[in-house]
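For reference, the structure discussed in these notes is given below.
All of the numbers you see were taken from the coordinates with simple rules; none came from a lab. Every value quoted in this text rests on a predicted model; they were computed, and no experiment measured them. Here the Cβ positions follow ideal geometry from the backbone for every residue, glycine too, while neighbour counts run over all protein chains shown.
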């Protein structure tokens, strides 16, 4: 996927002036967080499960090579194939070759953020293979030629009316000429159109929520059942997953599932939880005859053993973005690449480079709400701060910020000089702001006063000046 | 004002009595009354308050901008300035969190300094938490006529667990009623340098916050962090709101008669 993360500030302007997006975000902010809160409250051991989920992922990451090889052994023993893709280009090539070998004309895809990451659809189209998105949200944005704006609700930026228009435009040639307005009618129409495509597909491609090393299974959770049709009807099933998805055992998966759906949508469990364990066996009534797993690295192994490793614990529930006030203000597209919100702000610089995505870890107030809801306790603000440190070290921090910091730091490290400067500033701000008590504009503070007044300090001097003047006596101003 | 601490502190073993006030750079420069309110509350709870003269800023602007070298130098300066005090009290959750949580992580490669940072972290307290959790204060005698809404500043809430303490103390303020926001725990959009680096996003966030504040019907907005208060006050005033904005310590210290943040003096 082509990144626009570099144009973050322009993207923000576009997002803030988009009334449809702002309508959609207003609903998202209330809905997801309230449902997650209720789900967490209904489960007394939820906080303990979060600790266990964190520990399971930490253990898997600390032994990643072992569990990946174990997973490969199991898949191979089942008659499946594991393909190692160091880069996005490798993954595209492997999947393209597999599809060609199956003589595929269409590929039924269930939602996969890793497929977005490697820009798989564009690649398949270039090969003359039609990728069909079967997740309702992905289907909608595929029709609209838009990227997803959320990792679990890819079309969350759209209003119902926009979806109605899109379906009307694209389904009319198929004979559905009436513009539908009711939610259930829209879903039913999409279901009918998509059902035909499942039956025609030559290859089914899914992502994976977890890869279970002990059984060689890939595990998928959905609410629509589309993944089950994608992986059982076609003759070839390709699982595309990044390497950090591997966990040791089914028991571990059970723990992670208990925090995943609750954190994501507030459900106890998603409607469908599916384990795919190898190709169709003799005697099985259905299933793919060929089963392939493509394991993508794409920069992840470089994070292992660094201060950034915690980001690899992510189980892609979306809770961080659902609770992020910045995401809530600007939506997912403004982040400019595949993964938005707080997890996007730490993953994106790793996957496509700090030079391209440097704004993302900076566009946070460090309010900490993401960390407080993360089911695997990723210290997201801390990781964003590490990115800021790396940017600062490499002189990528914007020059005005660096210069301002340098001057401020020079003063702070000289307390006596600092006192004189701040006393002067305090006196001037108090004097010129006396009549109104605040400023409507202030030199060098345009970022502030464009949108807010700036409070003037009261007369009488700084705290330290007053304290010293009265010999440390306890006076009231 | 008489603070009733005698009964409620009995189960605490000798709470610290000689405390140092970390004024914070924003209080020093823009709102000295918060510092004096803190001194008053601490003294009336039986503490002797000192204000070490070499304190300046906790270093968050550098720390959060990725300038680790400056952040370490400033932290070392703060650690030295507050050596020897039983407790260091900060009228800000954000600066308090910096001392109590983040300083030790700045010295991972320097065991001697890390030990000192951890020692300071163990002695550092946000003002509301110190009064209620450490000193056992459960009421104040102050009066304030009005309806207030209380914003939970992010660092205080999530790093230090400041939530019930200010509300408990506010309950004892005569004449004051609290009307809660729908989302008092959502960030106001200040975020230190964030508000000037990404002014449009910050504005969207603070606009949502002020809408929530206004919908409570309160005539006063209270919080425990001056940065957030200046942000919300500035937005409310730009929107033409008459809601008064004050630091919670001022109301608790019965100093609710001074001019609100951003309003001219001599006018309530």
Legend entry - Label-point gap, in nm, between residue B:172 and residue B:141 - each point 7 angstrom along Cα→Cβ: 1.1
Inset, instruction - Report the extension gain between residue A:76 and residue A:63 in nm, rounded to one decimal, defined as 0.36 nm multiplied by the number of residues separating them, less their alpha carbon distance. - result: 2.7 nm
Legend entry - Spin-label model distance (nm) - residue B:80 vs residue A:450, 7 Å beyond Cα toward Cβ: 4.0
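May I ask you to compute the full-extension gain from residue A:304 to residue A:435, defined as 0.36 nm times their residue separation minus their alpha-carbon distance, rounded to one decimal in nm?
So the extension gain works out to 41.3 nm.
In peptide A:13-22, what is the residue-averaged number of other protein chain Cβ atoms found within 10 Å of each Cβ? Spell out each step's value before the answer.
Details: counts 1, 0, 3, 4, 1, 0, 0, 0, 0, 1.
Going residue by residue through A:13-22 and averaging, the value is 1.
Return the average number of partner chain Cβ atoms within 10 angstrom of each residue Cβ along peptide A:319-328. Walk me through the intermediate numbers first.
Numbers: counts 0, 0, 0, 0, 2, 1, 13, 9, 0, 5.
Counting other chains' Cβ atoms within 10 Å and averaging over A:319-328 gives 3.
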Inset, instruction - Please give the calculated 222 nm ellipticity per residue for the protein assembly as shown, where each DSSP H segment of at least 4 residues contributes -39500 (n - 2.57) and the sum is spread over every residue; nearest 500 deg cm²/dmol? - result: -14000 deg cm²/dmol
Inset, instruction - Under a 10 Å cutoff between Cα atoms, tell me which one of B:90, B:206, B:69 has the largest fluctuation in the Gaussian network model of chain B. - result: B:69
Inset, instruction - Over every pair of different alpha-carbon atoms in region A:129-230, take the mean of 1/r and invert it; report that Kirkwood radius in Å. - result: 14.8
Inset, instruction - Give the angle, between 0 and 90 degrees and rounded to the nearest 10, that separates the Cα long axis of helix A:183-200 from the longest principal axis of the Cα atoms of chain A. - result: 50
Inset, instruction - Calculate the spin-label point distance for residue A:354 paired with residue B:54, positioning each point 7 Å from the Cα along the beta-carbon direction, and give it in nanometres. - result: 3.3
Inset, instruction - Under a 10 Å cutoff between Cα atoms, tell me which one of B:257, B:28, B:108 has the largest fluctuation in the Gaussian network model of chain B. - result: B:108
Inset, instruction - Within 10 Å of each residue's Cβ, count the other Cβ atoms and sort A:74, B:235 from fewest upward. - result: A:74, B:235
Inset, instruction - Mark the label point 7 Å from the Cα of residue B:110 along Cα→Cβ and return the residues of region B:83-97 whose backbone N is within less than 17 Å of it. - result: B:83
Legend entry - Rg over Rh [alpha-carbon atoms, Kirkwood Rh] for region B:18-133: 0.96
Legend entry - FRET efficiency, 1/(1 + (r/R0)^6) with R0 22 Å, evaluated for residue B:14 and residue B:43 via beta carbons: 0.80
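How would you rank A:236, A:311, B:232, going from fewest to most other Cβ atoms within 10 Å of each one's own Cβ? Could the numbers behind the result be given before it?
Values: A:236 23, A:311 20, B:232 26.
In increasing order of surrounding Cβ atoms, one gets A:311, A:236, B:232.
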Inset, instruction - Using only alpha carbon pairs under 8 Å that are at least six residues apart, calculate the relative contact order of region A:280-346 and give it in whole percent. - result: 20
Inset, instruction - Please work out the Kirkwood hydrodynamic radius for region A:305-356, using every pair of different C-alpha atoms, and report it in angstroms with one decimal place. - result: 11.5
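Work out the mean other chain Cβ neighbour count within 10 Å for the residues of B:155-163 and drop it here as an integer. Display every interim value, and only then the final one.
Details: counts 4, 0, 4, 7, 5, 0, 0, 0, 0.
Across B:155-163, the average partner-chain Cβ count within 10 Å equals 2.
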Legend entry - Rg to Rh, two decimals, where region A:64-186 supplies the alpha carbon set and Rh follows Kirkwood: 1.07
Legend entry - Whole-angstrom gap from region A:34-75 to region B:164-204, using each part's C-alpha centre: 34
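When the Cα atoms of region A:264-332 are enclosed in a convex hull and the volume is divided per residue, what value in Å³ results? Show your work: numbers first, answer last.
Numbers: hull volume 12.7 nm³, N = 69.
Cα-based convex hull of region A:264-332, divided per residue, equals 184 Å³.
Which whole number in µm²/s is D for region A:403-469 by Stokes-Einstein, with the Kirkwood Rh taken over Cα pairs at 20 °C and 1.002 mPa s?
On the way: Rh = 13.1 Å.
Diffusion coefficient, whole number: 164 µm²/s.
Quick one: which of A:207-216, A:325-334, A:284-293 comes out on top by average Cβ neighbours within 10 Å, and what's the full order, highest first? Could the numbers behind the result be given before it?
On the way: A:207-216: 22.8, A:325-334: 26.6, A:284-293: 16.8.
Averaged packing, sorted descending, gives the order A:325-334, A:207-216, A:284-293.
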Inset, instruction - Could you tell me how many degrees, from 0 to 90 and to the nearest 10, lie between the Cα long axis of helix A:19-42 and the main elongation axis, the longest principal axis, of the Cα atoms of chain A? - result: 80
Inset, instruction - Using only Cα atoms, find the angle between the long axis of helix A:415-432 and the longest principal axis of chain A, and express it within 0 to 90 degrees, rounded to the nearest 10. - result: 80
Inset, instruction - Please report the Cα spread of region A:351-477 along all three principal axes, rounded to whole Å, starting with the longest. - result: 56, 31, 29
Legend entry - Principal axis dimensions, region B:47-86 - Cα atoms, whole angstrom, descending: 37, 16, 13
Inset, instruction - Measure out, as a whole number of angstrom, how far apart the alpha-carbon centroids of region B:207-246 and region A:304-348 sit. - result: 30
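Among A:317, B:228, which comes first, second and so on when ranked by fewest other beta-carbon atoms within 10 Å? Provide the component values of the computation, followed by the final result.
Working: A:317 25, B:228 31.
Ordered by Cβ neighbours within 10 Å, fewest first: A:317, B:228.
Under the √(5λ) rule applied to the eigenvalues of the Cα gyration tensor, what semi-axes describe the equivalent ellipsoid of chain B? Give them in Å, descending.
Numbers: eigenvalues 161, 118, 45 Å².
With the √(5λ) rule applied to chain B, the semi-axes are 28, 24, 15 Å.
Kindly state, as a whole number, the per residue volume in cubic angstrom of the convex hull around the alpha carbon atoms of the protein assembly as shown. Spell out each step's value before the answer.
Working: hull volume 119.9 nm³, N = 745.
Taking the convex hull of the Cα positions in the protein assembly as shown, it is 161 Å³ per residue.
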Legend entry - region B:41-68-region B:73-148 distance, computed between alpha-carbon centres (Å): 7
Inset, instruction - Evaluate E = 1/(1 + (r/R0)^6) for residue A:177 and residue A:34, where r is the Cβ-Cβ distance and R0 equals 25 Å; express this FRET efficiency to the nearest 0.05. - result: 0.05
Inset, instruction - Return the inverse of the average 1/r over all pairs of distinct C-alpha atoms in region B:139-252, which is the Kirkwood hydrodynamic radius, in Å to one decimal. - result: 14.1
Inset, instruction - Round to the nearest 0.05 the FRET efficiency obtained for residue A:170 and residue A:199 when R0 = 22 Å and r is the Cβ-Cβ distance. - result: 0.70
